[in-house]
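These notes are about the structure you will find just below.
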Amino acid sequence: MRTWNEISYEIQRVISNTPIAPGAYILKFKKNSTFIAGQALALGISEDIEPRYYSIASGENDDEISILYTEKPDGKFTRILSLLKPGDNLMVSKPFGKFTQLSPFPVFIAAGTGIAPFMSMLLSGKAKGAVVIHGASYPDYFYYSEILLNTLGENYIRCCSRCQPGSFYVGRVTDYIKQWSGLNINRPYYLCGSTEMVVETRDILISRGVPISSINSEIYF
Amino acid sequence: MVSLYGKTLSELKSIVDAEGLPSFTANQIADWMYHHHAESIDEMTNLSKKNREILAAKYIVGLTKPERVSESADGTKKYLFLVGSNRYIEAAYIPESDRATLCVSSQSGCKMGCLFCMTARQGFQGNLAAGEILNQLRSIPEFTRVTNIVYMGMGEPFDNLENVMKSLEILTSKWGMGWSARRITVSTIGLIPAIKQYIVQTSCHLAISLHTPFDEERRMLMPIQNVYPIADVIAELKKYRFSDHRRLSFEYIMFDGLNDTPRHVKELVRLLNGLTCRINLIRFHPIPNSPLHTSPDERIFQFRDLLTAKGIFTTIRASRGQDIQAACGLLSTKALQEKGRK
C-alpha cells in the first residue's frame, strides 16, 4: 500500500466536482504550483487512505488544475471523491512524472480517462499536428469530445466498442490500430490507458513497423 | 470460510479476540501453521476441542495444492496455482547443487507493462494475499528443500507492498517460519515510496530492475520510467547502507544492440558510483513477436568483464527452465485467464 508518509502535500479546497458522464467527473482546484503537461499528482482525503495518482487534464497556463476520474464500482476512494463539494478539503501532492517530452506531430492513443494527459498537452498548445485516437465503451465516455472535435476535426478518431455504426469507428482502439490506413511509422506514438490496452497497442504498433523508440507509454497503476 | 494461512501474529490475535478465545491461542495457531505445518484446524491438538470447533465454524488453514507442474530438462519446475475462483499464478522452483531457489509471484498479472516481459501481456488481474504468496512455498513437494526465496515471479511486489510485507514478516519472524532475511530477495522495478518502506522495515535483500542507465531507453522498455526515473531511484538508494549482509543488486537484461555497449558500461559506472552493489546480467528470453533479441554470449561476457574491471561485481545469471517457459520474464497465465472468461 502506498502511504502519505513519504509524499509532501498541501491541502486544497475543491472549486468544483462536476459529473460529465455516468460515473465520470471533472474535479477542479486552484493551481498552486507549475506543472508540465503530461504530469500526474497524488490526491487524497485522509492520511489513512492510500493516495491515488491522476494525470492532470488542464493546460499549463490555466489557473485551475482539472482531474478527470471515474467512480470505480468497488472503489472506496473514488466513491468519497465523487461526493466532494466546492469548499471541501483535498490533499494534493506536487506534480510529478516524465510523460512530458513531446516530439512534433504526435499520435495520442488513449482509452477511457487515459485521455487526460493528452488533453493537458493539447490545451497547453504543445501538440501541434496531433492525431488523437480515443477508445471508450459508450458515446458518453468520449470525454472532452466537443473540444477535440473543434480543434482536431478529422484528426480526432473515436473508437466505440459498444456503439451502433454511425459517427464512430465501432470496435476497440486496438482493432482500429490494426487496420488503420493512416498509420505513419515515422510519427511518435504516445499511449495512455490500462496495462492491457497499452501493451496490446504497443505490440500492434511494433508489428506494423513503428520503431520501439517512437513509442512512449503511460500506465495506470 | 476465511483462510488463516498468511495471517500475521497480530492478525491472529484479532481473530481469537473476536471469537472470545484466550489470546495465547494466536501463538498456538501460528506455531501449528508456520512451525508444524498443520494443514487443518483439527491438527492443532493443543487447542481445546471446543475452541477448534469455534475456529472451524468460520476459518480454515486454507492451503491450496498446485494445479499443475511442468518440469524442465534442467530440473527447474514450474508450478501453477489457482488463486480465488478464477485467477492463476505461477511459481518456479530452481534446484542447484548447493541451494534451491523458489521464485514466487506477488500478483496475478502485472500493471507495469514492461516491453520485455510476458506477464505484462496478460494485464492485471489482482493482488495476492500474504497467504497466497506463502502458499507457493508451503504447498510444493520441495517445500523443505527450498533454501532461498526470490520475489521475482509474476507481478510487481512493491505494487502489492502490504501483502508482500506481511508475507516477509511471517517468513522471518520467530513466531513465523524463522527464515533468515539473507535468504530472501525482493525485486522491484523501482517504486520509490515502497522502496523506502521496505528498506526501513525489513532486512531482506533488494534487487532493482535496471536494464539501461539511459532515460530515453528505459522509458521505451519500462513505462515506470515516466513516473520514477532510475536516476531518482538510485539517488534514493544512496541514502542507505548496503553490504553483503543486506545486498543490493541490479538486474540487467542484455538486449542485442540496445543496452550492451561500452557507452552503457560507462554510464552504469557513473550512475552506480558510491553504491555497494552488484549487477546481475540476464539473457533475454524471447517472447512472441518481440522486437528485442538477446545479446550474444560473447558480448555478455565482455560487458561483465568491463564492469568488473571498473570495480562493479558482476555476474551472469544462468538461464533456467526456458523449455517450460519458467525462465526470467516468461511467466504468464494469460491463456488460462482467457479460457476462464469464456
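The values are calculated or read from the model by the stated rules, or taken from the named source; none is laboratory data. These figures come from a predicted structure and were not determined experimentally. Don't worry about glycine lacking a Cβ; one is built from the backbone with ideal geometry, like all the others, and counts go over all protein chains shown. Heads up: the accessible areas ignore ligands, DNA and RNA and are worked out on the full protein's heavy atoms, side chains in. Shrake-Rupley method; radii C 1.70, N 1.55, O 1.52, S 1.80 Å.
Observations, loosely collected:
- Residue identified as more than 12 Å from chain A (Cβ to nearest Cβ), open to solvent by 60 Å² or more (accessible area, probe 1.4 Å), touching a Leu at 6+ places or on another chain (Cβ under 7 Å) and more than 30 Å from B:Arg121 (Cα to Cα) among B:Lys266, B:Lys238: B:Lys238
- The lone exception for A:Phe168 - which of (1) modelled with pLDDT under 95; (2) within 28 Å of B:Met222 (Cα to Cα) it fails: (2)
- Residue match in the range B:189-212 (condition: among the basic types (Lys, Arg), away from chain A (no Cβ under 14 Å) and not in a loop (DSSP other than H, G, I, E, B)): no
Matching residues to (1) under 30 Å from B:Ala231 (Cα atoms); (2) in the same structural domain as A:Pro188 (by TED's automatic domain parsing); (3) touching a Ser or Thr at 6+ places or on another chain (Cβ under 6 Å):
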residue	(1), (2), (3)
A:Pro22	no, no, no
A:Ile26	no, no, yes
A:Lys31	yes, no, no
A:Lys76	no, no, no
A:Leu83	no, no, no
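- Strands (runs of 3 or more DSSP E) wholly inside the range A:120-221 containing at least 2 residues that are within 14 Å of chain B (Cβ to nearest Cβ) and not charged (D, E, K, R): A:189-193, A:215-219
- Where a residue in the range A:90-109 is within 16 Å of A:Val132 (Cβ to Cβ) and its partner, wherever it lies, is of a type in the set (Asp, Glu) and assigned to a strand (DSSP E or B), with Cβ under 9 Å and at least six apart: A:Phe99/A:Glu218
- The listed residue being touching a Cys at 6+ places or on another chain (Cβ under 8 Å), in the same structural domain as B:Arg87 (by TED's automatic domain parsing) and at positive phi, out of B:Gly126, B:Gly155: B:Gly155
- Of all the residues in the range B:76-110, those that are open to solvent by less than 20 Å² (accessible area, probe 1.4 Å) and either more than 20 Å from the chain's Cα centre (by Cα) or among the small types (Gly, Ala, Ser) (or both) number 7.
- Residue selected from the range A:123-133 under the condition farther than 15 Å from A:Gln39 by Cβ and in contact with a Gly (Cβ under 8 Å, 6 or more places away or on another chain), by the criterion most open to solvent (accessible area, probe 1.4 Å): A:Gly125
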